[in-house]
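The values are calculated or read from the model by the stated rules, or taken from the named source; none is laboratory data. Not measured: the values here are computed from a predicted model. As a convention, Cβ positions derive from the backbone with ideal geometry for all residues, glycine included, and neighbour counts pool all protein chains shown.
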Amino acid sequence: MQIDVIVPTFNRAHTLERAVNSVLDQTYKNFILHIVDDGSTDGTEDLLEKYQDHENIKIYYQPNLGVSAARNFAAFCGEAEWISFLDSDDEWLPEKLQTQVNFLLKNTDCRFLHSEEIWIRNGVRVNPKEKHKKSNDNIFERSLEFCLISPSTVIIERGLFESFRGFSESFTVCEDYDLWLKILLTESPGFISTPLIQKYGGHEDQLSTKFVAMDYWRIKSLVKLFQSSKCTLPQKELIKNVLIKKSELLLKNYKKHNNQKHFDEITNDLQSIMLSVKI
């Protein structure tokens, strides 16, 4: 069972080597590691030179097009039946791939699998709040609020990934939230309760730190999700409730800061949903 492992990176030379080595140190060895330098200017290219001749590594360079474009490019360069992702500021534990392969061999209907993770904030292990804990309990409903599936824990069947054309490249952030929800409309994921990665946070270049109005992107995703032909009436009800909640908070913020452009945009999105179907 061969796996295409995808690591996108942008100006993370200080964490990239840790991420790459955590892939190379896997007990499961049947993989090709695809590293995409998304226009870094911090010496990443120099760091990657040491891996240029590694038989299991392919390295690509592109202008800064964003994490979605980087992941998609590498995914469509690969040929393996399974695709796994690792963010360049995270780290896999040594048994990550082997544990997931074992699960997939026993659960042959599973096409999308994620796991528990260990959180490290500013060098210290922390316990996530109850609402952030990973599981498959009401996974679709709980994932509407915020992303509960970390890309670095995911392994996905290529056919399933390609059927959605990968991550939305128009999303600056929340691209994972967007894709996982589209999949969860019709797919029941597998879940491994054992932590398989260490997820690092608290640093300044973390996207969730850089972008404060992430609910703007979540709302854009939820509007499209609501309009999907695959969305059932019970799912629409759940989406509508979350949309109203998130929109009210965001509109209040936009009004306070006199952001008329985004205020009108979100208002129009919300009105289109409320008028489209009476639930």
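What the table shows:
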item: Among the residues listed as 243, 144, 185, the single one being in contact with a Cys (Cβ under 8 Å, 6 or more places away or on another chain) and either within 23 Å of residue 270 (Cβ to Cβ) or assigned by TED's automatic domain parsing to the domain that holds residue 96 (or both); result: 185
item: Considering residues of the range 103-116 that are among the polar types (S, T, N, Q) and assigned to a loop (DSSP other than H, G, I, E, B) only, the residue surrounded by the most Cβ atoms within 10 Å (Cβ to Cβ); result: 107
item: Counted residues, the range 246-273 - those being farther than 17 Å from residue 145 by Cβ, loosely packed, with under 13 Cβ neighbours inside 10 Å and either in the same structural domain as residue 186 (by TED's automatic domain parsing) or without any contact (Cβ under 8 Å) to a residue 24 or more places away in the chain (or both); result: 10
item: The one condition in (1) surrounded by fewer than 22 Cβ atoms within 10 Å (Cβ to Cβ); (2) in contact with a helix residue (DSSP H, G or I) (Cβ under 9 Å, 6 or more places away or on another chain); (3) not aliphatic (A, V, I, L, M) that residue 130 fails to fulfil; result: (2)
item: Lone unmet requirement of (1) on the phi > 0 side of the Ramachandran plot; (2) of a type outside the set (Phe, Trp, Tyr); (3) in a strand (DSSP E or B) for residue 194; result: (1)
item: Number of the exception - residue 119 against (1) surrounded by 19 or more Cβ atoms within 10 Å (Cβ to Cβ); (2) assigned to a strand (DSSP E or B); (3) out of contact with any Ser or Thr (no Cβ under 6 Å at 6 or more places or on another chain); (4) not polar (S, T, N, Q); result: (1)
item: Lone qualifier among 270, 275, 243, 238 - being over 30 Å from residue 10 (Cα atoms), modelled with pLDDT under 90 and either of a type in the set (Val, Ile, Thr) or touching a Leu at 6+ places or on another chain (Cβ under 7 Å) (or both); result: 270
item: Any strands (runs of 3 or more DSSP E) falling wholly within the range 1-102 and containing at least 3 residues that are farther than 28 Å from residue 119 by Cα; result: 57-62
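Listed here are the residues, each with its yes/no results for (1) over 25 Å from residue 149 (Cβ atoms); (2) in contact with a Lys or Arg (Cβ under 7 Å, 6 or more places away or on another chain); (3) in the same structural domain as residue 160 (by TED's automatic domain parsing).
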{"site": "51", "(1), (2), (3)": "yes, no, yes"}
{"site": "56", "(1), (2), (3)": "yes, no, yes"}
{"site": "61", "(1), (2), (3)": "yes, no, yes"}
{"site": "64", "(1), (2), (3)": "yes, no, yes"}
{"site": "67", "(1), (2), (3)": "no, no, yes"}
{"site": "75", "(1), (2), (3)": "no, no, yes"}
{"site": "84", "(1), (2), (3)": "no, no, yes"}
{"site": "88", "(1), (2), (3)": "no, yes, yes"}
{"site": "96", "(1), (2), (3)": "no, no, yes"}
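Yes/no per residue for (1) crowded, with 17+ Cβ neighbours inside 10 Å; (2) small (Gly, Ala, Ser):
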site: 9; (1), (2): yes, no
site: 23; (1), (2): yes, no
site: 26; (1), (2): yes, no
site: 30; (1), (2): no, no
site: 43; (1), (2): no, yes
